[in-house]
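Taking it in order: structure first as structure tokens, then the write-up.
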């Protein structure tokens, strides 16, 4: 139930006017000699409905005729008697035409207000003239001064958000926006559209509630994903929604933050074009296709500088953290106000748990250190929530001991980690970020043949930095729809910025390939996608790791913007023996396995792992430890799979 402010005086006046109008209609239908003409617009609630939907005097009379049969059961017999022998005992269009002298046929047209806005419903199975007319239950309630939404819209409705604390700069901007956004109402009293964009749906909802509170408007919330995909059903949903929003003088909050596919996006655009009660649209990125209306817009970007520090300090006030923990987390994670509130809530729960478990240790340095580590973990968790559904989480299990590379490559990886750990000091404390906003991103290219350890190295880097690793599925990013690829990439980078995640682009040459000569519109847009991608890579605050088997296929402009390029060589015999020595877990039963002989097989590290795993299954099936014959059979199987000729000279002395 949604309530408009109704004074007791208004309700009493409306009830009295409605009672008098019903009495006048009763006498008029029965043909009493002293019956006065019906005056539907004398009822305040009906006069308001007529004004809002542009009803003529006759149409308002029809609405009263339909309402009266629901409020006074004795009128049904009067309706039947007035229409003649065997006439139906309900309101009909024929009855209205015979009763009211200002009647007109256009009132019952499908595009006329009564039917278009679903104020009444016509059962046309009995014909247009004699078909039953019924008033909408929602409209009937409004006539009585009871304000509620159509129950058929209930499945679409979501709880209206409440205003919450936002970043100071956003709060001030939204206050000003709420004061000027409604402005003078459009000709029909409509509200202009407003689009709020950002990466955090909860913060966007809070911002919408803040704007409406400042503007003195009620908010009704639906999600674009809940709207019907069938055009006929969507049409009736939108008409009922527009009707109810108009009746309760509310603004629509359209949540398009979950809109991923083009059909759902098109439905959201349809809502914006047809609903003139706002709407306030919240989305991760601006919607395309505003055809009829140009919205006000505001982007809730993650605050920077002093505003950002103030937000963190206020959110974590009262939590005693170790020295440097706040600065370390703030330098890595760019969380929204709502995400920070969630982190603070979890930290306070952690403090209560620690207090309960060890009251004497609360003041100890170890406890403060533990809270610093938990702050980092909770921030990582908020970042992971932002990326869920946009990328694939890669478990970080690999260790430095698992990686077999020449010392030069190991040194490059360690320098990359050192660079990222010192990023806040160099860019913020030493002023490089203020000097130039370009080139602040950190992108690394791992190039080499398949199975040479590129993904494992990415795991190790992410683990050393205590960050999550996310693999970008290029098949989900690249779209045939013009502009969709950029939108998908923007969502990924914005979400990754919040969590400071390490992004892994496998087979990057498919996405970062050389720009082509422009021969048609498709080439032009493909080059625009690459340019957009290069710009986002350059501005990304976290680490982006790209892997490729073919470095020569990459665009040279892209290569110039990389911070580190790490070549992963195909392992020589000495490296292969080291890989074989580390490939079997300590608890694996081995018998007569010679790693020096296994190293003759010219396999990459990834292929060596597959051979070892296949041999393990063969041995387990035979009920014996892993032996050289098992490994030889596994090597033959793997050679066939990768289409590599298997040389028996490599294994001639294995048996």
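The values are calculated or read from the model by the stated rules, or taken from the named source; none is laboratory data. What you are looking at is a predicted structure, and each value in this text was computed from that prediction instead of being measured. Methodologically, a virtual Cβ is constructed for each residue, glycine included, from the backbone with ideal geometry; neighbour enumeration extends over all protein chains shown.
A quick yes/no check of all residues on (1) outside the structural domain of residue 234 (by TED's automatic domain parsing); (2) in contact (Cβ under 8 Å) with a residue 24 or more places away in the chain; (3) crowded, with 19+ Cβ neighbours inside 10 Å; (4) closer than 28 Å to residue 238 by Cβ:
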| residue | (1), (2), (3), (4) |
| --- | --- |
| 51 | yes, no, no, yes |
| 66 | yes, yes, yes, yes |
| 110 | yes, no, no, yes |
| 141 | yes, no, no, yes |
| 159 | no, yes, no, yes |
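Residue 645 fulfils the conditions (1) free of Cβ contacts under 8 Å to residues at least 24 places away in the same chain; (2) surrounded by 14 or more Cβ atoms within 10 Å (Cβ to Cβ) except for a single criterion, (2). Residues satisfying the criterion are absent from the stretch 61-71 (criterion: in a loop (DSSP other than H, G, I, E, B) and closer than 27 Å to residue 14 by Cβ).
Conditions (1) farther than 23 Å from residue 341 by Cα; (2) modelled with pLDDT under 80, marked per residue:
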| residue | (1), (2) |
| --- | --- |
| 165 | no, yes |
| 169 | no, no |
| 176 | yes, no |
| 185 | yes, yes |
| 194 | yes, no |
| 216 | yes, yes |
| 225 | yes, no |
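The single condition among (1) over 30 Å from residue 445 (Cα atoms); (2) in contact with a strand residue (DSSP E or B) (Cβ under 8 Å, 6 or more places away or on another chain); (3) surrounded by 15 or more Cβ atoms within 10 Å (Cβ to Cβ) that residue 564 does not meet is (1).
The residue of the stretch 161-175 that is surrounded by the fewest Cβ atoms within 10 Å (Cβ to Cβ), among those that are in contact with a helix residue (DSSP H, G or I) (Cβ under 6 Å, 6 or more places away or on another chain) and part of a loop (DSSP other than H, G, I, E, B), is 162.
Checking 599, 635, 619 one by one, the residue that is touching a helix residue (DSSP H, G or I) at 6+ places or on another chain (Cβ under 6 Å) and either farther than 30 Å from residue 446 by Cα or in the same structural domain as residue 456 (by TED's automatic domain parsing) (or both) is 619 and no other.
Considered as a group, the residues in the stretch 468-510 that are surrounded by fewer than 19 Cβ atoms within 10 Å (Cβ to Cβ) and at positive phi include one that is modelled with the highest pLDDT, and that residue is 507. With respect to the conditions (1) crowded, with 20+ Cβ neighbours inside 10 Å; (2) under 22 Å from residue 52 (Cα atoms); (3) more than 48 Å from the chain's Cα centre (by Cα), residue 104 falls short on a single one, namely (1). One residue alone among 594, 644, 561 is within 29 Å of residue 547 (Cβ to Cβ) and in contact with a helix residue (DSSP H, G or I) (Cβ under 7 Å, 6 or more places away or on another chain), and that residue is 561. Of all residues in the stretch 30-60, those that are over 27 Å from residue 116 (Cα atoms) and part of a helix (DSSP H, G or I) total 1. Within the stretch 311-337, the set of residues being closer than 14 Å to residue 380 by Cα and part of a loop (DSSP other than H, G, I, E, B) comprises 333, 334, 335, 336. For residue 592, the criteria (1) modelled with pLDDT of 90 or more; (2) within 51 Å of the chain's Cα centre (by Cα) hold in every case but one, which is (2).
Regarding the stretch 210-217, can at least one residue be identified that is crowded, with 16+ Cβ neighbours inside 10 Å, touching a helix residue (DSSP H, G or I) at 6+ places or on another chain (Cβ under 9 Å), assigned by TED's automatic domain parsing to the domain that holds residue 277 and within 24 Å of residue 313 (Cα to Cα)? Yes, that holds for at least one residue.
Just wondering, is there one or more residues in the stretch 53-64 that are in contact with a strand residue (DSSP E or B) (Cβ under 9 Å, 6 or more places away or on another chain) and touching a residue at least 60 places away in the same chain (Cβ under 8 Å)? Yes, the stretch 53-64 has at least one match.
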